[in-house]
Ligand SMILES: O=C(O)CCC(=O)C(=O)O
Ligand SMILES: [Fe+2]
């Protein structure tokens, strides 16, 4: 008889990878298997303190509970080409439709003197922090710092999982990664029954190499496996990691940039904290020679022709700007 058990996103304890212990090759093996099968995995043993996570959550609740007029004081238009700041409900489009979410965009904090800011390179610049709650700046910057370190560890694990040198990605792509951090608030559907926004976030794939997502107890993240949508529920003190388009491209589709979406079915607001650890903005992203792994598994070969990530030529910056212009048409005008 066929086994009817619903597949679920695997959970991997990465503590041996973080401490570079003797068990890190086993962690890498588990990461590789999850990336091939799901493109998604949970991590435990990640070393990010619960105190920092709780502070971030409390500050986010505080900020998003404030009146719209106050939140709009750090609206995205004021962030210009750096692509930072607050966007109100319905302003972000995924697959051409408004999402039922509001949020703030952050990134690496760069001063005006930084040469990339001077050169007016898009997505580089200073963050917009609210005046209140006033510890938002310190907590968000600390969170970005810690998650950047975690991203470097995970990229070592991903390199090992492909039988590559552990510094493969940092040598070529992520020594100076493009990091983007977002805080999203998904209100309950009944609070906005009039808005034509079918999803919290519509079906999409992520753009870069690796996303490290903290979600709250409300849950609502859904992942598209080979043949069905499955839930990726809240698991306390874990992060959900997923592979983005650039790693799909680099691995010739062996590692899947898996479509996902969000639906808040509850009557409470949902908060989530996606952190995107991406290739350097200026680097061209090329396929890796993975002949040592043998031929591409048949079930993944269909991704080759259909998915435009494999046909794409250019820097990561070209790729992300093209994507962003669809999600935030108004930002494109700031960049042009
Ligand atoms: O909020 C979530 O759980 C996921 C958000 C997401 O998929 C994204 O920002 O790319
Ligand atoms: Fe996503």
Give, as ranges by residue number, the residues of the range 132-171 whose backbone N falls under 19 Å from the point 7 Å along Cα→Cβ of residue 58.
-> 132-144
Gain in span if fully extended, residue 231 to residue 163, counting 0.36 nm per residue against the direct Cα distance = 21.4 nm
May I ask you to derive the relative contact order of the range 150-292, considering only C-alpha pairs under 8 Å and at least 6 residues apart, and to give it as an integer percent?
-> 35
For residue 311 and residue 172, what does the FRET efficiency come to when R0 = 25 Å and r is the distance between their Cβ atoms, rounded to the nearest 0.05?
-> 0.75
Any idea what angle helix 24-37 forms with the longest principal axis of the chain, computed on alpha-carbon atoms, 0 to 90 degrees, nearest 10?
-> 80
What shape does the range 126-237 take by its C-alpha gyration tensor, where a ≥ b ≥ c are the square roots of the eigenvalues and a/c under 1.5 counts as rounded, a/b above b/c as prolate, and the rest as oblate?
-> oblate
With springs only between Cα atoms under 10 Å apart, run a GNM on the chain and tell me which of 310, 46, 217 wobbles the most.
-> 217
GNM flexibility winner over the chain from 244, 202, 39 (Cα, springs under 10 Å) = 202
How high is the FRET efficiency between residue 289 and residue 217 when r is their beta carbon distance and R₀ equals 35 Å, given to the nearest 0.05?
-> 0.20
Classify the range 11-334: rounded, prolate or oblate, from the alpha-carbon gyration tensor (a ≥ b ≥ c, eigenvalue square roots; a/c under 1.5 rounded; otherwise prolate if a/b is larger than b/c)?
-> rounded
Per DSSP H run of n ≥ 4, the term is -39500 (n - 2.57); total these for the chain, divide by its residue number, and report the mean residue ellipticity at 222 nm rounded to 500 deg cm²/dmol.
-> -9000 deg cm²/dmol
Contour minus Cα-Cα distance for residue 72 and residue 126 (0.36 nm per residue) = 17.7 nm
Measuring from the longest principal axis of the C-alpha atoms of the chain, the long axis of helix 50-64 (C-alpha) lies at a number of degrees, nearest 10, equal to 40
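Bear in mind these aren't lab numbers, they're just calculated from the coordinates by the rules spelled out. All values reported here derive from a predicted model rather than from experimental measurement. Neighbour counts run over all protein chains shown; Cβ positions are idealised from the backbone, glycine included.
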